[in-house]
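Report on the following structure.
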Amino acid sequence: MTASTRNSKFGLILAVFLIASCLAAKPSPAAAAYSTQTTQAELIVVPEMQTPIQVEGRIVPANYVQLSPLISGHVTDLQVQEGDLVQAGTLLMVVGDRQQLLADIQTAKYELLEAQQELDDQYMTPQVKLAEAEQKLAVAEKAEVFAADKVRSTAALTPEWRIEQARVNLQLAENALQRTEDDLQKVEKRKKNKEGIWYWFLDDKDFRNILRGLERVKTNAERRVIDAKEKYEDLQKPVDQIDLALAQSDWETAQANVAEAAREVAKYQSGPDLDVVALLESRIRAAEIRLIAAEAALSDHEVIAPISGKIVDLKPKAGEWVNTGEPVVVIADDAEWVVETEDLTEIEVINIHVGQAATIELDALPGVTLAGEVDSIKDLAEEKRGDVTYTVVLNLLETDPRLRWGMTTLVIFE
């Protein structure tokens, strides 16, 4: 039953009721005469009865969405079925071939990562190279100091005091050797005289041990004499020009190494090459643009749930063709219901305001009455069957677990 039919029947019953009331209350002749006399003096006003505004509405979810693909193509990957519960952000289906787009995304990501890594290296490499160059410079400076000392020591004439000291050391070494040889001869002589007093305390074995010890002392004394003599003779020699030339060559090489290390330190102290940095930053921006474009292109192939809820309508099957803008899936959150009516005319809507109470009766649930209130009134009008109508949404202050999307209701505004 439509709202207009209900209103027509209600008006007809009211007219019959008023006519019957007038016939039942017909006045007597005297009263009629009195009424005739007083008609000119008094005007009796009968108040008009106000009927509540009643319109038809429908139960709809408070939050639902109808989705359409952005491109036309075959459904290549259907991830859900009708009745499934999904979370916001869930991939519902793929339209068309997206493999090349996925490859483009991976390529763009690789290019972006590679360029960013090279840029990081441009900033990190100078720091590492600077530390290496500074260490190299320190080593080269030490080598240069050593080479300079060698040149000075090679070119300088030996002082007389050092020569005299070497001569004294040689004399001492020769004296020590002579004393050892004398001791060795004494022991050998005593060993041969077996009638001597020494045999009272020593035997042949003891003498042999003493002689071996003295031989070792003699060997060491002879080596010290040789070393002292070489040192004494070297100090008396003039400057060796060949040794001096070699020392000077080593010093020049050391100086060149110091200069090279100093140049490297100065080079890396200035930081990265700005031209290379600018080029890499351009590569990064280009890779970012390619990545954004590839991801945007991929999103055109995907239908993703913008809200959490239940799949209440799923039109295509896997492999079927869908067109751009064509509704393919409806997701609804049935945790909260509202009533939506499109039947309020321009004459009626002016008496409706946000927050106004209303009573909701459901055709499918006789005897069930739910309280509601106006949540919003759409500003844009529509023309239906010659009437200008407005859409009004009402919140349900009460609910019933048997409510279903699309159930017809009678909305009675208080």
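The values are calculated or read from the model by the stated rules, or taken from the named source; none is laboratory data. Just so you know, these numbers come straight off a predicted model, no measurement behind them. Backbone-built Cβ (ideal geometry, glycine too); neighbour counts: all protein chains shown.
What the table below lists for this structure:
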{"item": "Test: Ala140 is in contact with a Phe, Trp or Tyr (Cβ under 7 Å, 6 or more places away or on another chain), within 30 Å of Ala247 (Cα to Cα) and among the aliphatic types (A, V, I, L, M)", "result": "no"}
{"item": "One residue from Asp275, Asp334 being within 30 Å of Glu373 (Cβ to Cβ), surrounded by fewer than 18 Cβ atoms within 10 Å (Cβ to Cβ) and either more than 25 Å from the chain's Cα centre (by Cα) or of a type in the set (A, V, I, L, M, F, W, C) (or both)", "result": "Asp334"}
{"item": "Out of Ala221, Ala247, Ala261, sole residue that is farther than 30 Å from Glu134 by Cβ, assigned to a helix (DSSP H, G or I) and touching a Lys or Arg at 6+ places or on another chain (Cβ under 9 Å)", "result": "Ala221"}
{"item": "Only listed residue being surrounded by 14 or more Cβ atoms within 10 Å (Cβ to Cβ) and among the polar types (S, T, N, Q), chosen from Gln122, Gln185", "result": "Gln122"}
{"item": "Asp363 being of a type outside the set (A, V, I, L, M, F, W, C) and crowded, with 17+ Cβ neighbours inside 10 Å", "result": "no"}
{"item": "Tally of residues being assigned to a strand (DSSP E or B) and touching a strand residue (DSSP E or B) at 6+ places or on another chain (Cβ under 6 Å) across the stretch 381-407", "result": "10"}
{"item": "Checklist (1) of a type outside the set (Lys, Arg); (2) surrounded by fewer than 16 Cβ atoms within 10 Å (Cβ to Cβ); (3) within 28 Å of Val151 (Cα to Cα) applied to Ile289, failing item", "result": "(3)"}
{"item": "Breaking point among (1) modelled with pLDDT of 95 or more; (2) of a type in the set (A, V, I, L, M, F, W, C); (3) under 30 Å from Ala108 (Cβ atoms), for Ala305", "result": "(1)"}
{"item": "Residue check, Val145 over 60 Å from the mean Cα position of the chain (by Cα), more than 30 Å from Asp273 (Cβ to Cβ) and of a type in the set (A, V, I, L, M, F, W, C)", "result": "no"}
{"item": "Single condition Lys191 does not satisfy, out of (1) closer than 27 Å to Tyr232 by Cβ; (2) free of Cβ contacts under 8 Å to residues at least 24 places away in the same chain; (3) buried (at least 16 other Cβ atoms within 10 Å of the Cβ)", "result": "(1)"}
{"item": "Any hit, the stretch 296-315, residues being surrounded by 14 or more Cβ atoms within 10 Å (Cβ to Cβ), hydrophobic (A, V, I, L, M, F, W, C) and part of a helix (DSSP H, G or I)", "result": "yes"}
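Quick grid of which residues meet (1) modelled with pLDDT of 85 or more; (2) aliphatic (A, V, I, L, M); (3) within 24 Å of Ile307 (Cα to Cα):
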site: Met49; (1), (2), (3): no, yes, no
site: Ala62; (1), (2), (3): yes, yes, yes
site: Asp84; (1), (2), (3): yes, no, yes
site: Asp97; (1), (2), (3): no, no, no
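Residues are listed down the side, and each one gets a yes or a no for (1) touching a residue at least 24 places away in the same chain (Cβ under 8 Å); (2) under 47 Å from the mean Cα position of the chain (by Cα):
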{"site": "Ala364", "(1), (2)": "yes, no"}
{"site": "Gly367", "(1), (2)": "no, no"}
{"site": "Asp375", "(1), (2)": "yes, yes"}
{"site": "Glu382", "(1), (2)": "yes, no"}
{"site": "Arg385", "(1), (2)": "no, no"}
{"site": "Leu397", "(1), (2)": "yes, yes"}
{"site": "Gly406", "(1), (2)": "yes, yes"}
{"site": "Leu410", "(1), (2)": "yes, no"}
{"site": "Phe413", "(1), (2)": "yes, no"}
